[in-house]
Structure formats: structure tokens, C-alpha cells
1. With LEU128, LEU93 as the choices, which residue is assigned by TED's automatic domain parsing to the domain that holds GLY11 and not in a helix (DSSP H, G or I)?
2. Can you name every residue in segment 268-314 that is in a loop (DSSP other than H, G, I, E, B), closer than 22 Å to ILE333 by Cβ and either touching a residue at least 60 places away in the same chain (Cβ under 8 Å) or touching a helix residue (DSSP H, G or I) at 6+ places or on another chain (Cβ under 7 Å) (or both)?
3. Does LEU37 satisfy the criteria of being at pLDDT 95 or above, assigned to a strand (DSSP E or B) and under 22 Å from PHE391 (Cβ atoms)?
4. For ASN321, indicate whether it is of a type in the set (S, T, N, Q), exposed (fewer than 15 other Cβ atoms within 10 Å of the Cβ) and under 30 Å from ALA335 (Cβ atoms).
5. Please pick out the residue among ARG64, ARG57 that is within 18 Å of GLU136 (Cβ to Cβ), in the same structural domain as TYR104 (by TED's automatic domain parsing) and in contact with a Phe, Trp or Tyr (Cβ under 6 Å, 6 or more places away or on another chain).
6. Any idea which of (1) of a type in the set (Asp, Glu); (2) under 24 Å from ILE558 (Cα atoms); (3) at pLDDT below 85 is the one ASP476 doesn't satisfy?
7. Looking at segment 529-548 only, could you name the residues that are within 21 Å of LEU434 (Cα to Cα) and among the acidic types (Asp, Glu)?
8. So, GLU265, is that one assigned to a strand (DSSP E or B), of a type in the set (Asp, Glu) and touching a residue at least 60 places away in the same chain (Cβ under 8 Å) or not?
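The values are calculated or read from the model by the stated rules, or taken from the named source; none is laboratory data. All of these numbers come straight from a predicted model, not from anything done at the bench. All Cβ positions, even for glycine, are placed from backbone atoms using ideal geometry, and neighbour counts span all protein chains on display.
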Amino acid sequence: MADTKRIIVLGGGYGGIIAAKKLGKLFKKDDSVEITLIDKKPYHTMLTELHEVAADRVPEDSIRIEFSKVFAKRKVNVVLDEITDIDFKNNTLKSEKSNYKYDYLVLGTGCKPTYFGVPGAEEYTKKLWSYEDAVELKEHILHMFREAVKENDPEKRRKMLSFVVVGAGFTGVEMIGELGEWKDRLCKEFYVDKEEVKLYVVDALPKILPIFPDKLINKAEKRLRKLGVEIITNAGITEVKPDAVIMGEKGTIESQTIVWAAGVEGADLLDNLDIEQKGRKRIVTNDKLQSVDYDNVYVVGDNIFYIPEGEERPVPQMVENAEHSAPLVANNIYADIKGGEKKSYKPSFHGAMVCIGGKYGVAHVGLPGKFFGLPSFFAMLAKHFINILYFFQVAGFNKCWSYIMYEFFNVKDNRSFIGGHLAKRSPNFWLFPLRLFVGYKWLVQGLEKLPSILEDPSKIFLIPASPLAATSGASDAVAAASQAAGEAAEVVSQWGEALPVPGFIENIVEWSMNAFFYTPDGGYTKLAEVFQAGMVIGEIIVGLLLLAGLFTALASLITLAMGLMIWSSGMAPTEMLWYFVAGIALIGGSGSTLGLDYYVLPVLKKWWKNTGFAKKTYLYID
């Protein structure tokens, strides 16, 4: 189509992926607009979580989200290619194999480590700026321990077991903190004395985490030292060798593992582009986040160089900047194409958080002029909450669920700020006897009541008699109902008094019964007969499902629901407490052991995951 508007988002980082989703939503019904995201990899990487993989706290795949999942059933095309040049005057992106024309370009190419011209730094250090970097670093650390166990030369062994992180900003502190926690597990697995392992974090500045107030810095330092980390500040790196880092007057640390986390600059692509840049290859923009050179080029995330009105410094290179800038860019491109008012970028940042391992963190949060520090527990809670909010934007329930599982339920060595209290340690086969017992109890109860239902459906014994029954003239039906209710009360008495019910719940139940189950003369409605029959049939079905191990999570939830209904009616014996407790215990996958869920759920899961609705809403579990 000749008048098609082509929007290209270059880079699938934090800013790029949100911008593409917002654009896809704004133009979802407009066939005259084509939206394409170009990235050299088929997945989005959570760069702020790299240290968790590098120190083996979470599985490798936990920090990746496939673009095919993110943009399923959305108006965004994904192209895998590496752009090597941009011709801004002719609106063309160039790669080795193709050219891409655009009408509007969103630049979100992100950053790479900068080495400040330090000799040997790029050649002899490990990076932590991509998924591959994190995996490689993890494997390298494991290799060092494996080799150290076999090494008899004490000097070589010492170098293998010394680990240096250069840079004490967020990335450096988080990496060395994770390594401090992982150290205990590594030493146990490889039979290494903890005293042999040396951890260092080095920075040229006089203190770590310089954007934080001194009180929080002191807390972070105390935590690092507790993990066995030696902090070296005012130590500018003058040279890096294959097995040593030289710190000028501060001396030399011999190590075969030197991680560089000392700063970032714009991606390689920006080196030769004809576009104004400042501050380590950041693109200068106006308040609409357009390049000052080209009106149809917008910038998101770390690539922005823009100083908001009243500020002295450009917007920070942090995830919150990407989250704020992406929707604004999408809105302004929409205004360019469809008309309307553009928005100016007036970000209000809410602070920063850094985790020192999985158990401890510090945070400085708030609003401009009203910032405050958070205690460790709340700092970590805030970090996870913010991550979940971001993941919900990107891949909805699916990614939030997997994040929660990795961070709280499948944690290793209790490396979570809540320890191992939620960790899934017990195999499901221990629940097998309980599942059979509860299923048997429900089935027996249902089968015992079924003959009464079949013989006379109007004989109500699962619903208390109406208070009017005793004063309404007592017809035969009402008398029978009262007798049935009395029989039910006798059953309760065999187990003691009924469980107490709060007054406000009694009032709600009384209202609902009067509205749906009782007639004006104190008898029962047809709906009461249907409800009673449904309860009995439900007991039988739940019993069969639990015995067969089929849809056990659903059957367990129904167990709780039926128990709650019986309790709220004031007819629940103390025995009902067993059903509550057992129902909760059986929710989590008890049917996967000697049950049909082992066969049925994977098939249903695969089918559901491939439906258009599930892909679009992300309502599925990997």
C-alpha cells in the first residue's frame, strides 16, 4: 500500500519492547500502519537480573522472554537482524543482508560496557551485559572451582579462588553480593575451605553506590563485609593482565576472574552515525524525545540524552527511564500520524534499589525532595513488586507467574528475602495417601445421601429449616423439613457442637436463604431441592476426581468451597476442619503422583497455550 506508514523500533530492550507494544495497541485497527521491531536476538533479556543467573540463583531461561511470546496476536512484526548502519536522510536501516525503509524510527539500541581506555580491560575481563555474558560467567566460576580442587600449587589455586569485580555501582555490588551468597554452596560442593575464597569489589570513587545517602551506603558495606567481600575504594584501575588487576598505588590483586562493571556507553552502532550525541554516545533529544537532528527519529531508554527543565543532569540510564519514555514516544508518533497534541517528557523518578544477594537489599525511594531509605525486607519487597509490574506490561500473567516461582518457590539454598518458607521442598507423592483419604470421605458421604435424594427430592436435609417452620401452621411438607433438619442436627451432635459462625455471616446466610430457599409459609423452594441435589452430586464427583487424581487442584478448591458453605450454614461439625486443611494441602499438584493429572494436564496445558486467547492474554504457564 503506497500510503502505508512504516514504524521501526530498533532494539528489543526495556524501552524498545514497551514502545513496540504501546504502538501495536494504538494502531491495532489501522491497516495503514506497519510496526516492526528489529533485534539481533529472538528474545528480550532482563539486564537488571543478569547477576542472578551469573551466580546460579535462578535458571538461565528465567531472564529471557521470547519476542514471539511478547507479541503473539499483536500488530508487531519481529525481524531478527543486526543493523550495521542508518541512513537518516533516506530513512533506511542497513544490515549485511538487507535494507529496511521507515517513516518513523524508534532508537532503543541500549548500551555496552565502557573500558575508559584501561590497557587490557576489554581483553582480559568478563562482562555482565547480556544473557550470554551471564551464562559464560557462571560457567567460568564453576570451572575455577573445579580446577582449584585439582590444583596442588598454592599460588595457582589462590588465583583461581580470587574473584574481583571492578565497579561498585549497581551492577558491581549486585554481582559481588550474589557471589558472596553462592560461595557457601560452591565451597560445600567442591570441598573448598571458605577461607580460601577471596572476594573483592574495586572502584575509583571514594565510596560504593555513590548516588545513595551515606546511611544506606554504610548498610550495604556492612552486608558485603558479612558476605566476606573486601571493599577497595579510591582505587583507579591502571591496567588489567590475564591474571591480575593493577590498581596503581593501591597495589595488585592476582585473579583469574575479573568482572568489569565500571560503566557503560552507547552501542557500537552509534559510533559512526550522523546524529548529535553527548555523554558516552547518548543521542541528544528535545522534550518530545525526538532527535534534535531528525524529527522522525525518536529515542527511548538508555540512549536518551535529555536534561529536563529545572534539572542539571540528563535523565538517568535506568529501567524506570525506559518505562517512562516508551509510552510517551508511542503517543507522540501516534500524534504525528493521526494528529493530536504531543506530550513533553517530564519524568518523575521514584528512586533506586540494589539487592546484595537474594536476601538483602537497600533502597532509596520516594518523590523529588521526599526520598527515604527502606529497610532490607521492604527494599527487597519493593524490588520484586516493581519487577512484577514491569513483567506484567511485557508478558502478563505468564511471566509474572514464572518470576514468582523462580524468586520464591524454587529458590536454592533459601536465597530469598523470605528465606525458604515458601520453597517447594516436599515431593508431591507424600500427598498421595491424603488425596485418597479425602476423596474416599467425600465419595462415601455423597453415596450415603444419594438414595434419599433419589427417593424424595423434596426432602431437604442439607439446609436448615426456616425459622417460620415452627409458627406457620406446620403443613406436612414443613413438618418433614423440620424433621430432616433435626436429623441433620443430630449428625452434627455426634461430632460435638457445630463450628461457630460470626454474626455478620449468619445475617448474610439468613438473607440469602430467605431470598432463595425458603417460601413465605416456612417451606422450601424448588431451588433448594436443586441446590441440595447439586451438593450431593458435587460430593460424589469431588470424591471420584480426588481418587482418580484428575483435576485435583480444581477438586481441592471445590472441597474448600463446599466446606465453607456447610460452615456458613451453621451445620459444620469439627470434622469439617480436616476438609479445610486437607483441601489446601492438595491444591498444589497432588494429582501428578499416581493420578490422571500426570497424563491429562500436560495435554490440556499444551492445547491451552496454543489457543489465540491464551497467547494474547498471556494466561498460561510454561
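1. Numbers: LEU128 fails: assigned by TED's automatic domain parsing to the domain that holds GLY11.
Only one candidate qualifies: LEU93.
2. Passing the criteria: LEU273, ASP274, ILE275, LYS288, LEU289, ASP293, TYR294, ASN296, VAL300.
3. On the way: at pLDDT 95 or above: yes; assigned to a strand (DSSP E or B): yes; under 22 Å from PHE391 (Cβ atoms): yes.
Yes; evaluated as a whole, the condition is true for this residue.
4. Details: of a type in the set (S, T, N, Q): yes; exposed (fewer than 15 other Cβ atoms within 10 Å of the Cβ): no; under 30 Å from ALA335 (Cβ atoms): yes.
Criteria not met by ASN321.
5. Working: ARG57 fails: in contact with a Phe, Trp or Tyr (Cβ under 6 Å, 6 or more places away or on another chain).
That would be ARG64, the only listed residue that is within 18 Å of GLU136 (Cβ to Cβ), in the same structural domain as TYR104 (by TED's automatic domain parsing) and in contact with a Phe, Trp or Tyr (Cβ under 6 Å, 6 or more places away or on another chain).
6. With (1) of a type in the set (Asp, Glu); (2) under 24 Å from ILE558 (Cα atoms); (3) at pLDDT below 85 applied to ASP476, the lone miss is (2).
7. Initially, segment 529-548 is screened for residues within 21 Å of LEU434 (Cα to Cα), giving 538-548.
Matches in segment 529-548: GLU539 only.
8. Details: assigned to a strand (DSSP E or B): yes; of a type in the set (Asp, Glu): yes; touching a residue at least 60 places away in the same chain (Cβ under 8 Å): yes.
When the stated conditions are applied, GLU265 passes them.
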